Amino acid sequence: MKSSLFALVVGAVSAGFAGAQSSDRPNIIFVFTDDHAPHAISAYGSKINETPHIDRLAKEGMLFQRCYCGNSICAPSRATILTGKHSHQNGIIDNGKSFDGAQQTFPKLLRNVGYQTAIVGKWHLKSDPTGFDHWEVLRGQGPYYNPPLKTPNGTVKHTGYTTQILTERALKWLKGRDTKKPFMLMWQHKAPHREWAPGPGYFHKYDDVTIKEPATLFDDWKNRTTACQSQEMTIARHMSPRDLKLVPPRNLTPGQLATWNAAYGPKNEAFRKANLQGKDLVRWKYQRYIKDYLRCIAAVDDAIGHLLAYLEETGLAKNTVVIYCSDQGFFLGDHGWYDKRWMYEESFQMPFIVRWPGVTKPGTKNADLVQNIDFAETFLEMAGAKIPDDMQGKSLVPLLKGQEVAWRQSIYYHYWEHPAVHQVNRHYGVRTDRYKLIHYYRLGEWELFDLQTDPDELRSVHESPEYASIRKELEAELIRLREHYGDTDPDLGTPRIRPEDRANAANNAKLQKLFDLKKRADSYPEQPAVANVPFTVGARATPKQKTGVLVAQGGSVLGYRLELVDGRPTFHIRDRNQLFTVTAPDPVAMDRPVVIAGRLAPNGRISLWVAGKRVAQTRARLISRIPADGLSIGEDSGSAVADDSGTSFIGDLTDIRLWSGVLPARQLRNW
Ligand SMILES: [Ca+2]
């Protein structure tokens, strides 16, 4: 029996720990990418690419066929992995939040039992990493080229392709680590995140082939809810010129730019000449997108090859668990889309492959319903550490050992980030072996899919009488899961409007509307209507750090941002990619409350107000459309309005207001 064989091996690992022979406890390398969907991994049956090095991990370990995230977006998935808790418990319900690094995480707990811990690469949780002996991380999303890496001792600039630099940095740390202790390394790539910029050496991969299109590339989103019809994530209409490589990345060196233009220039010229329309144009965009996405993956796969070779050369491979994972899945033209966010299979599913030499039987597959809430518990058990009671998942170690254990029969999901880029409505839901029930609770709409008869989720059977009893069971299960995980606050992430401020706005004839925004909340439920109107935005701030965003709405195409830069109030307006900035001549005092406001006048002039005095002004213009990215307070979430991603505000931020109209000086004084 395989179970008894593996029980012996595992027994040896546990004994090693008990005997304080720390070197016997396995090292853990968590290889983590961003937005790598399982259906772009050949071990998962990809029809569009080959990933030989990731496949090798599957051949030598266990591949989880049904691993799901709890909230399909970057920062929330990362916070869940660190804490073993769903988003509403760890505080990161969307990409705009800053992670509370004081909370319990698995790296801290591994450190407590003598592990060396390190993270190299994408962190994306705004606050500085905690619980790591070594950290060097990208700032925010980080660029594909020439990445500045933030460390405890400041930011260090690097020149080259980010995937390769993160590989060099990870290997450098491995080589210099304390070899007397076991280690846990989180090696976290930016790739293959938007905007899918390939590295040199990969520009011409796939040039001579046509990548297979998904069956649902021209989905019409019928037989589903209005949520499905109102999103903004189509290949047909929602890709930017930079996504499509019709313009190069922003920060290339002259040499990199020359190489880039040599690769894309002729292809883009041919595209412009062809003057494609309709479905032909969509097909071209799909090919451009998917090839660049796969080129980014090819570089990661090669990097994994280098890492595995290093582990073998040094003998580390024998006692090192190597995991391959990505924060969620991604739409690869499926349903006509790119991006993630939905509870639909393509974005809901995560790749999860574990090679644990001597413990996990090579070439095995597991079909249990597992989730990113389970990872922290798994790593703790691997290291022989105690699993805290308040973690919400279950260790996967018994599954990795091939043991028959009672396992969960349903998976819970909740997505919050709306309104925001791509306009995917908030929803929660439950998935079982065969069915999936989704509730778009702000819309009051539901979807029910029978995954056996409709694996592509094209036809909701929620209203179908023959599924009535199934629907009832799933509804009950969804209520049970929401209570089980403690996700029952209907106002979570929803700022409240104070009645006195609403009255205040009504009394002022010059002003059309006042949005009063709760302290430090984002994802404002109503998208403030700043298109083609003058407005005034500001806050009472008591800064404790000289640089930080007070409030922002929009991103790299349209929007505004009010912030402090080296203590100086700064106000940006962006309209159709052009950025206008006004900066105060003097810094404000730290630790003292002051009202800082930006005003956009009907003639397009912007002015900056500090304590009711105008301190600077310049020419700009009205914002021509409502930005896709939502409003965020204390940070600039989603894509950034200014040219950098913005720093989280540290200090007190109260009484944040956005007025539609020009607020007179008198009122700017008495905020
Ligand atoms: Ca992601």
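The values are calculated or read from the model by the stated rules, or taken from the named source; none is laboratory data. Computed from a prediction, not measured in an experiment: that's the story for all the values here. No Cβ is skipped: glycine too gets one built from the backbone with ideal geometry, and neighbour counts run over all protein chains shown.
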How many of the residues making up the range 405-448 are of a type in the set (S, T, Y), farther than 21 Å from Q229 by Cα and surrounded by fewer than 22 Cβ atoms within 10 Å (Cβ to Cβ)?
-> 3
Please work out if S639 is part of a loop (DSSP other than H, G, I, E, B) and at pLDDT below 85.
-> yes
Filtering the range 305-333 down to residues that are over 18 Å from the mean Cα position of the chain (by Cα) and surrounded by 24 or more Cβ atoms within 10 Å (Cβ to Cβ), which residue is nearest to the ligand (Cβ to nearest atom)?
-> G333
Please specify each residue of the range 334-351 satisfying the condition of being touching a strand residue (DSSP E or B) at 6+ places or on another chain (Cβ under 7 Å) and away from the ligand (no atom under 15 Å from the Cβ).
-> G336, M343
Hey, any hits in the range 253-272 for a residue that's part of a loop (DSSP other than H, G, I, E, B), outside the structural domain of G555 (by TED's automatic domain parsing) and either under 24 Å from M343 (Cα atoms) or of a type in the set (A, V, I, L, M, F, W, C) (or both)?
-> no
Looking only at the range 361-378, and only at residues there that are crowded, with 24+ Cβ neighbours inside 10 Å and more than 16 Å from S87 (Cα to Cα), the one that is nearest to the ligand (Cβ to nearest atom) | V370
Does A317 qualify as being assigned by TED's automatic domain parsing to the domain that holds A58, assigned to a helix (DSSP H, G or I) and small (G, A, S)?
-> yes
Within the range 291-301, identify whether any single residue is within 30 Å of R25 (Cβ to Cβ) and more than 16 Å from the ligand (Cβ to nearest atom), and answer yes or no.
-> yes
Please specify each residue of the range 31-81 satisfying the condition of being more than 16 Å from the ligand (Cβ to nearest atom), touching a residue at least 24 places away in the same chain (Cβ under 8 Å) and hydroxyl-bearing (S, T, Y).
-> Y44, T51
Residues satisfying the stated conditions in the range 142-164, i.e. surrounded by 19 or more Cβ atoms within 10 Å (Cβ to Cβ) and assigned to a helix (DSSP H, G or I) = T162, T163
With respect to the numbered conditions (1) within 16 Å of the ligand (Cβ to nearest atom); (2) of a type in the set (V, I, T); (3) under 30 Å from A227 (Cα atoms), which one is the sole condition not fulfilled by V282?
-> (1)
Does A406 satisfy the condition of being out of contact with any Pro (no Cβ under 7 Å at 6 or more places or on another chain) and more than 22 Å from W342 (Cβ to Cβ)?
-> yes
Residue within the range 602-613 that is in contact with a strand residue (DSSP E or B) (Cβ under 9 Å, 6 or more places away or on another chain), assigned to a strand (DSSP E or B) and exposed (fewer than 15 other Cβ atoms within 10 Å of the Cβ) present = no
Would you mention how many residues in the range 200-233 are touching a strand residue (DSSP E or B) at 6+ places or on another chain (Cβ under 6 Å) and either within 22 Å of S46 (Cα to Cα) or within 16 Å of the ligand (Cβ to nearest atom) (or both)?
-> 1
With (1) without any contact (Cβ under 8 Å) to a residue 60 or more places away in the chain; (2) assigned to a loop (DSSP other than H, G, I, E, B); (3) not assigned by TED's automatic domain parsing to the domain that holds Y344 as the list, and S395 as the residue in question, which single condition is left unmet?
-> (3)
Among (1) in contact with a helix residue (DSSP H, G or I) (Cβ under 7 Å, 6 or more places away or on another chain); (2) within 16 Å of the ligand (Cβ to nearest atom), which single condition is H414 missing?
-> (2)
Of the listed residues (A665, A620), the one being modelled with pLDDT under 80 and at negative phi is A665
Every residue from the range 82-104 that is within 16 Å of the ligand (Cβ to nearest atom) and modelled with pLDDT of 95 or more | L82, S87, I92, I93, F99
